[in-house]
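Peer 1: Take a look at the following structure, please.
Computed from the coordinates by the stated procedures, all read-outs in this text should not be read as laboratory data. The structure displayed is predicted, hence computed values, not measured ones. Here the Cβ positions follow ideal geometry from the backbone for every residue, glycine too, while neighbour counts run over all protein chains shown.
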Amino acid sequence: VNDKDCLLGEKKAKRGAEHPRTPNQTQPVKQTSHFITSNINNHTNDIIKRIHLPIARTHQTSSSFHDLKRLEVKKRRSSTTLAMASGESVTDRLCSNDPTLLKLHLVQEPSKYFTRPEEEEDEQKSNGNADDDVNSTSAAAGADDDNVKTKVGKKKMISFRAFLEALQSNTSVTFVYMERRFVRHLSRAEYANVLYAIGRMPNVRQVEIWCATVPLSTLCTALGQSCRLDRLGLGMVTLVETDDCHGLAHRATLQTFYLSDFRFLENDQDDASNNNNNNKSSNNLDSLLQALGTCPKLGMVEIVNHQNDSSENNHTDWSSPRALAALVTSSTSLVHLTLRRVGLQAAHATALAGAIDSATAEQRPLRRLRVLHLDENHLGNAGSIAIVQAVVNGGVKDLSLRNNQIDATGCVAIADALMLALQAQQEGVASSSGADDEESCWLEKLNLAMNPIEDRGGSALARLLLHQHNQQLGLKQLELSRANMTDVGCCALAHAVRENTTLLVLGLSFNRMKDATYLAFAASLKVNRTLQSINLVSERSFIACLSQSSSPTSSHFSFSCCCRAAN
Amino acid sequence: VQQIDRREYTIAVSAALLDMIAENYVLRNVCTMLAAGGVTNPHTSYANQIRLYLRLNHAGRKHLFEGRDKDGLDVAAKNEWIRAIETVHDDLNGILYLVRANPAICD
C-alpha cells in the first residue's frame, strides 16, 4: 500500500462525507481510510494482514470495497513486493539482506530510496533532531499523517552511495524491475551507477526496465558483469547509446531477451523535448543482435511492437537484414524467435531464410530454432515464400506469418513448397533437416491468418492436406482465420480434412462461409478421426448483407467491416 | 426474407453438425455462432446437444465406445463408465446417454 493510495482513499472518504448517500455509508469509509493511513507508516506485511480483517467486516460502501480490492491485488502480486511501494522499507530490507526480499521494484522517485549528496548535507544538519522526531511520530500517528510520513521518511533515508552498496551486497534479490518514475529523476551518472550496481548483485537472474529511457551500451556493459542473469526485458523504452552492446556478448547465463514497444532517440537529446520527434536516426539494434547471437544459452528472443500504427514509429531501420541473419547464424541455442509488428521487409525475410537454411550438414544438428513468429510485418509473397522454403529444411516446427500481405499467389507457392518438401522427406531424398533423430522435424503449426489468400490459396492448402497421411510428417495446426475465403476454398479444405490424418486443429473463423461449408465439414468430420478442434465462427449477419450485393467492392468492404467488428 | 432463409439453412446446418458429432468421438472443440441469440434461438437445443457430445468426448467417449472386443463386450472398465457419468452428472441427458449405451453399469 503506498501513500498515494492511502491519500486517495482519504479523498474518497472526504468526498463521501461531503455528499453522503446515507448516514450509514459514510462512517465506515472514514474509518477505513483513517485506519489505513494510521497504520501505513509501519510498512510491514503483518500489519497489512491485520488491516484486512476490519475492512472485510465492514463491507458496506463501494469505497471501502475498492480499498480492500486494491490491497488484495497488491498483496497477491507478491508478499515481497507489497512493501516495495514505500522506498524506506525497500532500503531497510536491502540493507538488512532480508531473505524474503526476492523481487526489487524500483518504481518510485529516487528520493523515496536515497538522498542525494546535496540533500545529505541538509540531513546531516537536521540529524540531531531526528531521534526526537521519530519518538514523536508514534504518539502523533493518528493526528497528522503527512507529518508522520515525512518524519519517518527522513529517519530511514540512506545516501546514494549506501544505496548502491546495499544493492551490490544484497544476496536475496533475484528480480529487479525499474520504471520511469524512478529512472527519469536520475542523472546520467546515477543511472549508470545503479545499472552497474544491479549488474554486480550476486543473485539477480531477471532484470526488467519499463517506460524509461535506456542507454543500451551502458546497460549491456553493466549487466555483462552479472554472473546469473538469465532474462532481460525492456518494455516501452526509448533506446539511446545503441552503438556498442558488446558488453553482453558471450554471457553464459542469458537465456531470454525481450524488447517490447521501443523507439530510438538521438544521444544527448532530452526525452521531453523530443516527444514528437520520431525522425529516423542512425540508431539500430545491430550491435545488440550480434551480441545476443554469441550468448551460448540464449533460447528465446522476442522483439515486438503492440502499437497499432507502426508507421509513426521509426521501426523500419531497427535492424539491418545482415544483423538479423547473424543472430540466427551465430546462435546454436536459439529456439524461439518472435519479431512481431516491427516492420520487417522482404529483404529481412530473405536474409533470415538464408541464415536458417545456410547451415551445413555438420551444423544442422546443432541448430535449435523451432518457433519462428513473424506476425504483422511486410514480408509479402517473396519474403514469406523464402521463409517457408527455409524452415522446412531448418527444423522449424511452429511458423506464424499472420498478416503479412500474402495473397493467393503467395499461398499457392507456399503450399507447393511444402508439398515438394513433404514429398522429398517421404522419399528420403532430402538431406537431414537439422532436427534430432528422436523428434519430428516437419513443420507442425502454420499460421496464415489475416492474409487474403482467398479460395485459390485455400484450395492449394487443401491439396497439401490431402497428401499428408504420415503422422510424423504433417501439419497439426493450421490457422486460416480472416483469409477472405468463400465456400469454394472452405469446402475444398473440408474435403481434404475428410482424408487427412494429421491435422488436430483447424481455424477458419471469420471467412465468408455460408451453410455449404458447414454441411461439408459436417459430412467430412463423420469420417475424420483425428481433428480435435475446429473454429467455424462466422458473422452470419455479414453473410446476409453480402448476399444482397455481389459486387467485388462491396464484398471487400463487408469483409473489412467484419474484421473490424471482430477486432 | 433474408432472415427466414438464413434460419432455415442454419437449422439444417445445426442438424448436420449434431449428426456429425454424434458419430465423431474425437472432436473436443467446435466453435460456431449457432448458439448465439439466447433462448429464442431455435438452434439452442441443437447447440446444447452438440455441447453434450463434446463433453462426452472430453470424458473419453472414444475409449468407452470404441474399446469393445469382437463379441461386443466392453474393454473399458466399469469404473471408467462411472467416471464418465460423473463428468456429466449435471446433465440428465448425458447420464441417460451413457446408461442406455451400457446398462450393465447399473448392476
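Peer 1: Calculate the spin-label point distance for B:SER45 paired with A:ALA162, positioning each point 7 Å from the Cα along the beta-carbon direction, and give it in nanometres.
Peer 2: 7.9 nm
Peer 1: Okay, moving on. Let's test the formula: R0 of 30 Å, r as the Cβ-Cβ distance of A:ARG205 and A:SER111. What FRET efficiency results, to the nearest 0.05?
Peer 2: Plugging the Cβ-Cβ distance into 1/(1 + (r/R0)^6) gives 0.60.
Peer 1: Longer than 27 Å from Cα to Cα, which of A:LYS103/A:LYS445; A:LYS297/A:LYS397; A:LYS476/A:LYS514; A:LYS112/A:LYS297 are they? Say none if no pair is.
Peer 2: A:LYS103/A:LYS445; A:LYS112/A:LYS297
Peer 1: Using a Förster distance of 45 Å, how high is the FRET efficiency between A:MET236 and A:GLN423, based on the Cβ-Cβ distance and rounded to 0.05?
Peer 2: Step by step, r from the Cβ atoms, then E = 0.45.
Peer 1: Mind checking A:510-518 for the average number of partner chain beta-carbons within 10 Å of each residue's beta-carbon?
Peer 2: That average works out to 3.
Peer 1: Follow-up. What does the average come to when, for each residue of peptide B:22-33, you count the partner chain Cβ atoms lying within 10 Å of its Cβ?
Peer 2: 6
Peer 1: Also, I was wondering about something else. If you add up the charges near A:ALA197, with Lys and Arg at +1 and Asp and Glu at -1, over every other residue whose beta carbon is less than 14 angstrom from its beta carbon, what do you get?
Peer 2: Around A:ALA197, the surrounding residues sum to 0.
Peer 1: Can you give the FRET efficiency to the nearest 0.05 for B:CYS106 and B:PHE65, using r as the Cβ-Cβ distance and R₀ = 22 Å? Don't skip to the end; give the middle numbers.
Peer 2: Working: r = 18 Å, r/R0 = 0.80.
Calculated value: 0.80.
Peer 1: Something else: Within 10 Å of each residue's Cβ, count the other Cβ atoms and sort A:HIS105, A:HIS467 from fewest upward.
Peer 2: So the ranking, lowest neighbour count to highest, is A:HIS467, A:HIS105.
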